[in-house]
Amino acid sequence: MEPPQSESMPQDLSEALKEATKEVHVQAENSEFMRNFQKGLLTPEGLKMVMASLYHIYTALEEEIERNKGNPVYAPLYFPEELHRKVALEQDMAFWYGPHWQEIIPYTPAVQRYVGCLHEVGRTEPELLVAHAYTRYLGDLSGGQVLKKIAQKALNLPSSGEGLAFFTFPNINSAAKFKQLYRARMNTLEMTPEVRRRVIEEAKTAFLLNIQLFEELQGLLTQGPKDQSLLEAPGLHRRAGSRAQDPTPVEAPRGKTQLSSFSQAPLIRWVLTLSFLVATVAMGLYAI
């Protein structure tokens with residue numbers, strides 16, 4: 001008699017990643033902030049800060065994707081024309097921050113940690129880029145148009161899409177079909193059980209990095225105008241100006257141990273952060 005197959009770990013990598021992040025997704029999906037976001041409770045300053053953070057993150061992610069585009073551990077997932085977001089985010093930065101946006105957009109400590117993690121992964125463990133690309137890009141395609149319409153209405157933005165280029169994928173005719181193709185490509189990647197395990201753990205790390213990022217931004221937004229000067233501190237604008245000026249990144253969180261330590265934070269802040277996370281689901285924070 002053959003031993004029963006385990007039901008705890010789906011065979012396909014895409015399903016395994018979805019299963020591994022299901023719990024945090026459910027917790028965030030039922031948060032108060034997500035309900036508020038759907039009601040259109042959004043501020044221009046909040047959207048500006050989120051978009052600036054994403055600019056830095058996608059710049060780093062896409063630098064590492066380009067570095068590894070010929071590597072068999074990532075090459076099947078290389079879709080620059082369809083997915084890459086840096087150029088779109090540059091358009092959004094000019095809309096929100098003006099022609100000199102590279103000199104003034106914030107580059108906060110949580111963003112620095114995220115960027116540092118992406119560069120470390122790309123240079124030392126490129127197979128883990130799979131987790132970051134999956135989490136961000138498929139999330140971008142899962143609900144982006146809905147959040148785009150909410151932001152347009154809440155902030156009275158142009159119907160033509162200025163300021164929200166990030167949400168538009170002109171080279172993808174059907175998001176559903178493209179996601180199906182992307183998952184199929186993921187499932188063809190050859191991985192040892194150990195590499196597969198590390199990719200799944202890295203998907204959890206990607207969530208943690210986003211949680212920390214939006215906890216930081218949520219704190220800045222709720223401190224009021226007086227404390228917005230924190231964003232003008234020396235060093236917070238370096239990433240856009242020059243890679244050579246990047247500060248040494250804070251050690252990036254890795255795996256379950258770091259997830260456990262983060263959970264020791266006050267419950268209310270954790271819930272608020274998770275809700276912010278899902279409110280920006282179209283920005284790549286969960287791949288549906």
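Each reported figure results from applying straightforward, stated rules to the coordinates on display, with no laboratory input. From a predicted model like this one, the values you see are computed outputs, not experimental measurements. Quick reminder, even Gly has a Cβ in these numbers, built from the backbone with ideal geometry, and neighbours come from all protein chains shown.
Observations on the model:
- Counting neighbouring beta carbons within 10 Å and listing from fewest to most, the residues ILE150, ILE105 come out as ILE150, ILE105.
- Sparse packing (at most 15 other Cβ atoms within 10 Å of the Cβ) combined with a DSSP loop state is found for none of the trypsin sites (Lys or Arg not before Pro) in segment 174-217.
- Ranked SER159, SER53, criterion: other C-beta atoms within 10 Å, fewest first: SER159, SER53
- Under 12 Å from the LEU155 label point (7 Å along Cα→beta-carbon), backbone N, segment 97-128: 97-98
- Exposure proxy order (Cβ contacts within 10 Å, fewest to most) of ILE57, ILE104: ILE104, ILE57
- Zone of ARG197's modelled label, taken as backbone nitrogen in segment 119-135 under 19 Å from a point 7 Å along Cα→Cβ: 125-131
- Shape of segment 95-155 from the C-alpha gyration tensor: oblate (a/c of 1.5 or more and a/b not above b/c, with a ≥ b ≥ c the square roots of its eigenvalues).
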